[in-house]
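K.L.:
After the C-alpha cells below, expect a handful of questions from me.
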Amino acid sequence: MSPVNLLGIACNWSPYCCYNAAGQAGLELPPSFRLMRVMCIGRINQALILRAFEHGADGVIVLECEDADCRYGPGPEVGHNNVARVRKLLRFLGIGQERLVEKTFLADQKEELVRVLWDFHRRIEALGPNPAKARQERVAS
C-alpha cells in the first residue's frame, strides 16, 4: 500500500507555532504530511481545499487558532463555514467528508498537534486512497 498524502493548511500564528515547536523539539510527524502556511484560515477559500484533493491529497487537515486567539477577528468563523461547505461537496463528489478535518490549537500545544496529526494519519490510512485520485488513475490508463 502506498503512503497516504496528507496536507495541513495552518494559520501562521498559533498552529504554525505548534508545528514549528514540534519540529524544534524533534517530535516525529507522519512522513507524508505536508504543511501549507497561510496568514489566516479565514483567508483561504473553498476552492483551495478542493484543489488539494484534486491534486492528490488523501486527507486535508485545517489547523486554526482558537476563536478568541485570532489576530484577524472573524478568521476561524470564516474557516469553519468554508470547511462545512467543502464537507458537503466532498460527500456529493464521493470523496467522503471524513477526509477533511479542522482542529484548533493554542501556541503551546505542540504535543497535542503531533498527536492529532498521527491520529489523522491513521484514520486516512484506514480509509485508503482518495477515491477521486483512484478514478483519475483509471481514466489516465
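K.L.:
Would you be so kind as to identify all helices of the chain, as entire DSSP H runs, whose Cα atoms reach 20 Å or more along the helix's own axis and whose mean Kyte-Doolittle hydropathy is at least -1.0?
P.N.:
Going by DSSP H runs, the hits are 75-93, 110-127.
K.L.:
Continuing with the same structure: Quickly estimate the mean residue ellipticity at 222 nm for the chain, helices only: each DSSP H run with n ≥ 4 gives -39500 (n - 2.57), and the total goes over all residues, rounded to 500. Don't jump to the answer; show the numbers that get you there.
P.N.:
Numbers: 5 runs with 67 residues, N = 141.
Mean residue ellipticity, 222 nm, calculated: -15000 deg cm²/dmol.
K.L.:
List the lysines whose Cα lies under 24 Å from the Cα of Lys88, skipping any in the same chain that are fewer than 8 positions away.
P.N.:
In chain and number order, the partners are Lys103, Lys133.
K.L.:
Among the GluC sites (Glu not before Pro) within segment 15-106, which fall in a DSSP loop and have no more than 10 other Cβ atoms within 10 Å of their own Cβ?
P.N.:
Glu28
K.L.:
Considering just Cα atoms, how many Å³ per residue does the convex hull of segment 60-134 enclose?
P.N.:
Value for segment 60-134: 79 Å³ per residue.
K.L.:
Here is a further query. Over the alpha carbons of segment 6-140, what is the largest minus smallest coordinate on each principal axis, giving the biggest first in Å?
P.N.:
44, 33, 19
K.L.:
About its Cα centre, what dipole magnitude does segment 6-140 give when the only charges are +1 on Lys and Arg Cβ and -1 on Asp and Glu Cβ, stated in debye to the nearest 20?
P.N.:
That gives a dipole near 620 debye.
K.L.:
Identify which of Ala52, Ala22, Ala126 has the largest mean-square fluctuation in a Gaussian network model of the chain, with springs joining Cα atoms closer than 10 Å.
P.N.:
Ala126
K.L.:
With labels modelled as points extended 7 Å from the Cα through the Cβ direction, what inter-label distance (nm, one decimal) is found for Glu111 paired with Tyr72?
P.N.:
Placing both labels 7 Å beyond Cα along the Cβ direction yields 3.1 nm.
K.L.:
Once both labels are modelled 7 Å past Cα along the beta-carbon direction, what's the Ala25-Leu93 spacing in nm?
P.N.:
Here the answer is 3.4 nm between the modelled labels.
K.L.:
May I pose another question? Springs between alpha-carbon pairs under 10 angstrom, Gaussian network model over the chain: which of Phe53, Phe120, Phe92 fluctuates most?
P.N.:
Phe92
Read-outs throughout are calculated quantities, based only on the coordinates presented, and are distinct from any laboratory measurement. Note that the structure is a prediction, hence the values are computed from the model and not measured. Quick reminder, even Gly has a Cβ in these numbers, built from the backbone with ideal geometry, and neighbours come from all protein chains shown.
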